[in-house]
1. Is it the case that some residue within segment 14-22 is out of contact with any strand residue (DSSP E or B) (no Cβ under 7 Å at 6 or more places or on another chain), loosely packed, with under 11 Cβ neighbours inside 10 Å, farther than 30 Å from residue 168 by Cβ and at pLDDT below 95?
2. Against the conditions (1) surrounded by fewer than 24 Cβ atoms within 10 Å (Cβ to Cβ); (2) in contact with a helix residue (DSSP H, G or I) (Cβ under 6 Å, 6 or more places away or on another chain); (3) at pLDDT 95 or above, where does residue 190 fall short? Just the number, please.
3. Got a number for residues in segment 219-261 being buried (at least 16 other Cβ atoms within 10 Å of the Cβ) and more than 30 Å from residue 106 (Cβ to Cβ)?
4. Within segment 290-302, is there a residue that is assigned to a helix (DSSP H, G or I), buried (at least 16 other Cβ atoms within 10 Å of the Cβ) and in contact (Cβ under 8 Å) with a residue 40 or more places away in the chain?
5. Take segment 103-141 and flag every residue that is surrounded by fewer than 16 Cβ atoms within 10 Å (Cβ to Cβ) and either in contact with a strand residue (DSSP E or B) (Cβ under 9 Å, 6 or more places away or on another chain) or at pLDDT 95 or above (or both).
6. Take residue 275 and tell me if it is out of contact with any helix residue (DSSP H, G or I) (no Cβ under 9 Å at 6 or more places or on another chain), touching a residue at least 40 places away in the same chain (Cβ under 8 Å) and closer than 27 Å to residue 69 by Cα.
7. Taking segment 29-53 only, how many residues are over 15 Å from the mean Cα position of the chain (by Cα), closer than 12 Å to residue 191 by Cα and surrounded by 17 or more Cβ atoms within 10 Å (Cβ to Cβ)?
8. Quick check: anything in segment 129-148 in a loop (DSSP other than H, G, I, E, B), under 19 Å from residue 207 (Cβ atoms) and in contact with a helix residue (DSSP H, G or I) (Cβ under 9 Å, 6 or more places away or on another chain)?
């Protein structure tokens, strides 16, 4: 355990929102199953409203991430436990969804890959490990760091944030408790406050849901700003299985108006690149010409097809 973020007296987190007792679920174990689920459902409704209140700060983070990526920067998530797993999950879904490099969005979790499947709780208490893992992953001043911690005080995350701040990088905090050390240290604090958990301290519940909703917005919003989505279509999808080939063909059909057979030919002729296939079909270009057109527009399909 690193000492800088710990007092010599025993730790007391009773003031942290995510550690407080939820009055709605007192005597939870005495309720019928349906009553119990009704309480959970009622509490879950608060999550979307909590995220809605944070939209201005989420938007600021999305714009910062997109601006960094345009200049060759990357997005890093760091967290421990549920928070870390959600960050790694979001990062891992960006390559198949948007056809971007696996290195563009990086998820770091306290305890490493083993912590994805098994709880390694003590790993979150190391400030130095948080900084070391971030720097070992190649984080630089042009990147953006999102530190995720429901409580807002995880030492592993604080260490990474301090290291990123020292480099002058943009730092974002995603926490579910107000007035936290993480929010005080980052440039863009995001605080979806959905209240205490129905099972006291179990932040995989409302806090985890709020975190997932915000992460969806951060990565998807940045990719939309970068032009990886046309209208509401996943035009950068990688058609690597039958389901995704079907989706790719339907996207080409939706944008070009062509039938399934023509869309299939375009997809194959484009080297299975949906954006290239659409430009070929809409503008009557060869694959090489379509690729050149997209390159000139920095990959933005809407600009390429006018």
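The values are calculated or read from the model by the stated rules, or taken from the named source; none is laboratory data. Bear in mind the structure is a predicted one, so any value in this text is a computation, not a measurement. Neighbour counts are summed over all protein chains in view; Cβ atoms, including those assigned to glycine, are modelled from backbone coordinates with ideal geometry.
1. Taking every residue of segment 14-22 in turn, at least one turns out to be out of contact with any strand residue (DSSP E or B) (no Cβ under 7 Å at 6 or more places or on another chain), loosely packed, with under 11 Cβ neighbours inside 10 Å, farther than 30 Å from residue 168 by Cβ and at pLDDT below 95.
2. (1)
3. 7
4. Yes, there is a match, as at least one residue in segment 290-302 is assigned to a helix (DSSP H, G or I), buried (at least 16 other Cβ atoms within 10 Å of the Cβ) and in contact (Cβ under 8 Å) with a residue 40 or more places away in the chain.
5. Residues satisfying the conditions are 103, 116, 132, 135, 136, 138, 140, 141.
6. So residue 275 fails the test.
7. Residues in segment 29-53 being over 15 Å from the mean Cα position of the chain (by Cα), closer than 12 Å to residue 191 by Cα and surrounded by 17 or more Cβ atoms within 10 Å (Cβ to Cβ): 2 in total.
8. No: segment 129-148 contains no residue that is in a loop (DSSP other than H, G, I, E, B), under 19 Å from residue 207 (Cβ atoms) and in contact with a helix residue (DSSP H, G or I) (Cβ under 9 Å, 6 or more places away or on another chain).
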